[in-house]
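J.: Provided herewith is a single structure, encoded as structure tokens, for subsequent inquiry.
The values are calculated or read from the model by the stated rules, or taken from the named source; none is laboratory data. As the structure is a prediction and not an experimental result, all values here were calculated from the model. As a convention, Cβ positions derive from the backbone with ideal geometry for all residues, glycine included, and neighbour counts pool all protein chains shown.
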Amino acid sequence: MEKMSRVTTALGSNSITGRTMFCHLDAPANAISVCRDATQVVVAGRNIFKIYALEEEQFVEKLNLRVGRKPSLNFSCADVMWHQMEENLLATAATNGAVVTWNLGKPSRNKQDQLFTEHKRTVNKVCFHPTEVYMLLSGSQDGFMKCFDLRKKESVSTFSGQSESVRDVQFSMKDYFTFAASFENGNVQLWDIRRPDRYERMFTAHTGPVFCCDWHPDDRGWLATGGRDKMVKVWDMTTNRAKEIYCVQTIASVARVKWRPERKFHLATCSMMVDHNIYVWDIRRPFIPFATFEEHKDVTTGIVWRHQHDPHYLLSGSKDSTLYQHMFKDATRPVDKANPEGLCFGLMGDLAFAVNESLISSDASRKPYPGGDRRYPFFSFKKANPTEQFAHVSSTLSVFETDLDSNCMDWFVKTAQLYLLSGKPFTELCDHNAKVAQELKRPQVSTTWTMLRIMFSEPAPGPNQNLSKLGSLPLMNSFSMKDLGSVMGPEGRLERHKGESRQDNIHLEPGNSHISNNNEENEETEGSDGPTEYMFGDAELDDDDLYPMEHENQAVPEEQVYTLPPEAFQLRHEIIDNPSAPEHLQQDKADSPHVSGNEAEVTCLTPIETVSLISISQPLYSPHLHGSFFCPIVREMLSHYAEQGDVQMAVSVLIVLGERIRKEIDDLTQEHWYMSYIDLLQRFELWNVSNEVIKLSTCSAITCLNQTSTTLHINCSNCKRPMSNKGWICDRCRQCASACAVCHHVVKGLFVWCQGCSHGGHLEHIMNWLKNNSHCPAGCGHMCEYT
Amino acid sequence: MSEEGIEVPRALASGPSAFIPAKEMFTEGPNQDMLIESFLSLGRVDHLAMVMALHPSYLSCFLRTQHALFELDGPLPRDWRHYISIMAAARHHCSYMVQQHSMAFLEAGGEESWLSGLEHAPTKLRGLQTLNKLLAHRPWLITQQHIQELVCAGAEPRWSLAELIHAVILMAHTHSLCSFVWGCGLNPEPDHIGGHTFCPPSPSHIPHSPAHEDGRQELADGAVEVEVLMKRMVELQQQEEECTQEEMVTRFERERSESIPTAVVRGAPPELVLNLVEEPEFRYEDFAPRGEQSPPIMRAQDYSWEDHGFSLVQRLLPDMGQFLDEEFQVVSNLTYHRMAMHEGVDTYTLRKALWNYIHCLYGIRYDDYDYGSVNVLLERSLKVFVKTVACHPEQTTAHIYHDFWRHFRHSEKVHANLIVMEARLQAALLYTLRAITYYMR
């Protein structure tokens, strides 16, 4: 950091020289101030009050103002200011509420001059009048601003901020009588020093405290304010209402703001918390700091430009007990590190690309894109402004238009809509999806599905075997068969299976007491997506009986989770506000024996279409060649599809194969695929499909997507205002919102209403009512119709 | 049901608080709407809400904070949030809070075995023990090392800063709430242990609060005390700054080290609670007992809620800072302009003295405050109460509660409790947030 860089700036007779340098203080600084001729700086803090001379190579301690063996709290400074007219005069604001002036011309060691103890609480700020020698202004936590005449023992006037704490006071540079005060509640007030009874003007500048304000040194109307809301705002005060003309968003609360001398649009800021850097902003470029000083290791508490006409030197004090002089030349320029290229997709698949002109011209051999490449010249040239020091980057904007047909994504939408991902046995899903792909003229995808079915489905009878043969399958005979179940016709098995699963469902209910089976209740409550799924997943079946073929394969149990498509769910269910629920449910699903009875049955029943493939695979299929054998290939295939950009295929296969493949692919990749696919689906507004995918996914990171932003904001049906209450009573009109016209209870779910008379209520109640009646249940006499 | 031979339990408590006669509670007019709202949102109105409803403006923002802390989206899962609160409440042997949160914990799908002892909880949660202990009893000892142990890359399992700050707020919130629960003598809810009985009511037992009676005994000379207090408040407001700086420091030291006897030995805490505490013997100790080297005091001007704490919380847990800020503001501005039997009184100095006294007990000093006024305004019995409630809440007795401000309304005593609770919360938060700031540096 100790870079040698000398700059000499001619400023009339006296010139300032120096370099970036620092010195250690004994204690954290709270504020710094510089004397008018820019040769000395005063540093004040809780345990420090010293004057340093600014020499060319280093800081030299000139004077320690903190004298006495046990210094009183008057030395504990929150702020300090060096008089800009009288070079021997300093003022400090003490944390105990005292305002102290110091006269360096005193011969004694203690330079304390005047002591005003009129404030009841901490004084946050002191400010000398820029031209009037004896006028000092203070602003305190107790909500008062006081103006002192240094020739008198007491304040000459007191300005009341109505018990709101004053954070900063600043005399206007140009208007003799005006000063601005900023407050803890976000207001800024303008006062006339002659009229202590009432402020001239007040406006709300920030949400939360306004920590600082600064008048523009040249432009009389401009006031910069910084607040806890992380904003710096520049106000034009010349108009009737203070107008916000610039706004800079920083990353932390703004503790100090100082206009840069000789640069109309520049100001420096530092922050109160977390962020230790000093930023210099060009307010016309609010998104990226013009320059940054990154030397401090703790929050910067005081910044001041060394000379009021020299923009190259900045002094800063910090809680890390250092005092720095920054050379502007040595500042970091974030712009240089910013990425000047821009890339964006248009709505119709056009691609816009902006890049530095120099880069693009060098690439002359570039072939034009077949779809059409129109190059736009950079259209909004800014008028070259000599005061603006930002490097002008002249960019070229290229727009690549896409041929609408070639890049049509219809297949994606159709596929997404038509694919079946769950709810049917595995083989059926594969067949269905293969068919879908076939119809969309995507033979490779279609073949993939067929292959998958063959690889992972259970050993099935050949296509030519008909149902009657099923009872004595040769394949099955090779397994150790235990009971008659296998010889029973498929229908018989199915019957039994159904019976059992129903019983199980009934069993389940008492265990899950929160599942309300009652329709009426379901209407009222809003249920999690869990329970319904859960019941299906958990229908326990006796595998051994139903499914002898499984026996050999028990080593790698296949599990398939059946869920209904989302549309089939009741629309509202009780929201069980439980983030851990999804994992819990999943676990249950994973643990529960799968419902494979169905599968077996369907395998046998479904005629298999792709005869050619089957006939090849049949002889190859040995009973021991289990699905896991193919996993590496399938994994590679999925990665291939994903890399090709067909993440849809990857995810669909992932879901359909479920447990068969899930363990083979690492979670991060899966999550990545899911995210991409869901993102795509949402861009195509396929909300239902995306929701289904989220539900079917097994990554916890994905399933929890459904759990976020589940807040529903409602307006009261009477007064049309938002309901801030948590209950169903509007606090404004004190009525229950949206009562049912039939039962007069609050409708918390689906509300159906007549478009003629606008009365309505619970969907079910209205349906029932209108079965028997033709008039509106509210008794308004309207003939409602329910269709 | 009793005809079918099922024993029907009977609620023991005759009102939400053991200190405040139920009659008084409801004649003092809790704001109906607030209670309705709280009933609608929580499904029940617990004793806590009933007592707080004496100050409806506070109750509404308290419920909002509570809702945000426990229900809204946040870095910690819901069952964890309640478990952290259980851990925190157990430190103060507050079985009321422990049971309230245990119920919520189970509702949120928490593992029941965790409730039988800390050793069943995940290591990550157990890692909070030290912080919990310090936060509850001696927050000034929290340093950036404590934060580092939980957050830094080597720590396993590791806390993220956002999770940690959520946990810290939960713990501090619960600790201070325990102060309120003990300080207002809340009765157990009817479904709590000790809140119901199966014994039939004995005919001779007429439920009444004996404390209630002795609270009204000395009404006559009580009136004089109020007059004196009011006169002092007025004097203080007019008084010009007279004393030296040294005197100010001495006054702070005096308040800080004044020995207020608080150690009343209580019966052992219920088993339910004991299992959830590690090192139950770790308690509040005076910030700086007389004659010992004191840890450095915290200057309110160097780390304040408004300037520093708020920004940090807001940064790590968006919106939470706003809720807490609102709570602090409501409490610091809460006044009905009355004192005991007098109307139109500016109670600012009294409230300020109370607030600063509590911060003083926690070693936070305001440079711009004259601690002499604490001595003038807070009578000894009040100090005993405040110190007990803030530092050893589990030792609060009806006697202490009835002993101070004998002629004041109960709602005013609850107000005092609110100030204790919030001041304590802020003090604990400031120390922890400062440590986190140092860690982030």
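J.: Specify which of the listed residues (B:62, B:26, B:39, B:19) is part of a helix (DSSP H, G or I) and modelled with pLDDT of 80 or more.
T.: Within the list B:62, B:26, B:39, B:19, the selection yields B:62.
J.: If you go through the stretch A:285-307, how many residues are buried (at least 17 other Cβ atoms within 10 Å of the Cβ) and among the basic types (Lys, Arg)?
T.: The total comes to 1.
J.: Would it be correct to say that residue A:108 is more than 49 Å from the chain's Cα centre (by Cα) and among the small types (Gly, Ala, Ser)?
T.: Yes, satisfied.
J.: Another one. So, in the stretch A:260-282, exactly how many residues are farther than 15 Å from residue A:217 by Cα and either small (Gly, Ala, Ser) or out of contact with any Ser or Thr (no Cβ under 9 Å at 6 or more places or on another chain) (or both)?
T.: Selection size over the stretch A:260-282: 2.
J.: Among the residues of the stretch A:102-109, are any in contact with a Ser or Thr (Cβ under 6 Å, 6 or more places away or on another chain) and crowded, with 19+ Cβ neighbours inside 10 Å?
T.: No, every residue in the stretch A:102-109 fails to be in contact with a Ser or Thr (Cβ under 6 Å, 6 or more places away or on another chain) and crowded, with 19+ Cβ neighbours inside 10 Å.
J.: Within the stretch B:293-308, track down each residue that is within 9 Å of chain A (Cβ to nearest Cβ) and either assigned to a helix (DSSP H, G or I) or aromatic (Phe, Trp, Tyr) (or both).
T.: Once the filter is applied, which keeps residues that are within 9 Å of chain A (Cβ to nearest Cβ) and either assigned to a helix (DSSP H, G or I) or aromatic (Phe, Trp, Tyr) (or both), the stretch B:293-308 yields B:306, B:307, B:308.
J.: Here is a follow-up. Taking the stretch B:382-441, which residues are within 14 Å of chain A (Cβ to nearest Cβ) and outside any helix (DSSP H, G or I)?
T.: Across the stretch B:382-441, the qualifying residue is only B:441.
J.: Now for a different question. Being surrounded by fewer than 19 Cβ atoms within 10 Å (Cβ to Cβ) and more than 14 Å from every other protein chain (Cβ to nearest Cβ) narrows it down to one of B:348, B:362, B:336, B:357, so name that one.
T.: From the options B:348, B:362, B:336, B:357, the qualifying one is B:336.
J.: Which count do you get for residues in the stretch B:41-58 that are within 16 Å of the chain's Cα centre (by Cα) and under 16 Å from residue B:99 (Cα atoms)?
T.: Total satisfying the criteria: 3.
J.: Moving on. Counting only residues that are within 14 Å of chain A (Cβ to nearest Cβ) and not in a helix (DSSP H, G or I), how many does the stretch B:107-137 have?
T.: 5
J.: Here's another thing I want to ask about it. Identify the single condition in (1) at pLDDT 80 or above; (2) within 30 Å of residue B:78 (Cβ to Cβ); (3) of a type in the set (A, V, I, L, M) that residue A:747 does not satisfy, given that it satisfies every other one.
T.: Against the list (1) at pLDDT 80 or above; (2) within 30 Å of residue B:78 (Cβ to Cβ); (3) of a type in the set (A, V, I, L, M), residue A:747 comes up short only on (1).
J.: Let me ask something additional. Being of a type in the set (Asp, Glu) and assigned to a loop (DSSP other than H, G, I, E, B) is the filter here; which residues of the stretch A:638-692 pass it?
T.: A:646, A:664, A:666, A:685
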